[in-house]
Amino acid sequence: MQNLFNFILRYHFLILFILLETLSITFIVNTNSEKEKVLLSSANQISGYFYSHFNFVAEYFSLVEMNEMLSKENAQYRNSFVSAYKANIVMKKEVIDEEYQQQYYYISARVINNSINRQHNYITLDKGKKAGIEVGMAVVTGDGIVGVVRDVSENYASVISLLNTKLGVSVKLKKNGYFGSATWSGNDYTSLLVKEIPNHVPIMIGDSIITSGFSTIFPEGILLGTINKFNQEQGSNFYNISIKLSTNFKTLSYVYVIGDLLKKERLELESVEE
């Protein structure tokens, strides 16, 4: 109570002024209808202004809250997309015939990293051990060879690209079966070098080069490319052959990883022969 008295004493002139102004306005309004209308109109304008801005602020914070809610709902919705999940389905091509034994199966995978401008290029796939991929498996596309699986984790695989000077592939001429080896020169990502084809063998530009099937990695008959130029090396009995690759490494997207069901048996047999 003492504080109230102190407040009144301190501001009594201001309080008295406000009371007198209020009484004056009241007398003027009550005795003059026109002034009353003007005053009420001004009051309505002022209150309308504050109300509209108050509503704007309220709506703004409401929109912020609504946007946050929609964002959460959108995230939940996207989590239901197939693209949000990692597929680990092993697609195996089956041979339904008792006279034949299935040897190869194919696992589809997507390329998620790729390089073509180094001496030793590698490719990363979005499938790994969970999908059945193992070290040493062949990687191909519908157009030709891509590389060989180097390392695998649970969900990913690293592939030695055909565009890697350390990788050699056993190949042969499709038209006559003469075999040699193919390696990358480290320069042009569209071509490969083939050596050890005897220079007495008739060859032509446009001849197809395919896998020989001599290794336990690539099945026989997969296309590498076609001859685009060749010459006879001086003092040698073999050709220097350049082939145009059938696989476009600039546009790699999806590949097939090839598993060999009979690989273990063959390797065990060949190890005994050695």
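Number of Lys-Lys pairs in region 104-273 under 18 Å by Cα, sequence gap 8 or more or different chains?
For region 104-273, the number of qualifying lysine pairs is 15.
Could you tell me whether region 119-218 comes out rounded, prolate or oblate from its Cα gyration tensor? Rule is a ≥ b ≥ c as square roots of the eigenvalues, rounded for a/c under 1.5, then prolate if a/b exceeds b/c, otherwise oblate.
On the way: a/c = 2.67, a/b = 1.98, b/c = 1.35.
Because a/c hits 1.5 or more and a/b exceeds b/c, region 119-218 counts as prolate.
Which whole-number percent gives the relative contact order of region 95-184, counting Cα pairs below 8 Å spaced six or more residues apart? Before the final figure, lay out each step's value.
On the way: 166 pairs, mean separation 19.5, N = 90.
Computed value for region 95-184: 22 percent relative contact order.
When the expected Rg is taken as 2.2 N^0.38 Å, what fraction or multiple of it is the alpha-carbon Rg of region 194-274? Walk me through the numbers before you get to the answer.
On the way: Rg = 16.4 Å, N = 81, 2.2 N^0.38 = 11.7 Å.
That ratio works out to 1.40.
Kirkwood Rh over alpha-carbon pairs of region 104-273, then Stokes-Einstein at 4 °C and 1.567 mPa s: what D in µm² s⁻¹, rounded to an integer?
Values: Rh = 16.5 Å.
The diffusion coefficient I find is 79 µm²/s.
What is the fewest-to-most order of L19, L267, L193 by other Cβ atoms lying within 10 Å of their Cβ?
So the residues, fewest neighbours to most, are L19, L267, L193.
Using Cβ counts within 10 Å as a stand-in for footprinting exposure, how do L192, L252 rank, fewest first? Kindly include the intermediate steps, with their values, before the conclusion.
Details: L192 24, L252 19.
Final ranking by Cβ density, sparse to dense: L252, L192.
Taking the Cβ of K244 as the center, what net charge do the other residues with Cβ under 10 Å away carry, scoring Lys and Arg +1 and Asp and Glu -1? Walk me through the intermediate numbers first.
Working: positive: K229; negative: D188.
Around K244, the charge tally is 0.
Each reported figure results from applying straightforward, stated rules to the coordinates on display, with no laboratory input. Here the structure is a predicted model, which means the values were calculated and not measured. FYI the Cβ positions are ideal-geometry reconstructions off the backbone, even for glycines, and counts take in every protein chain you see.
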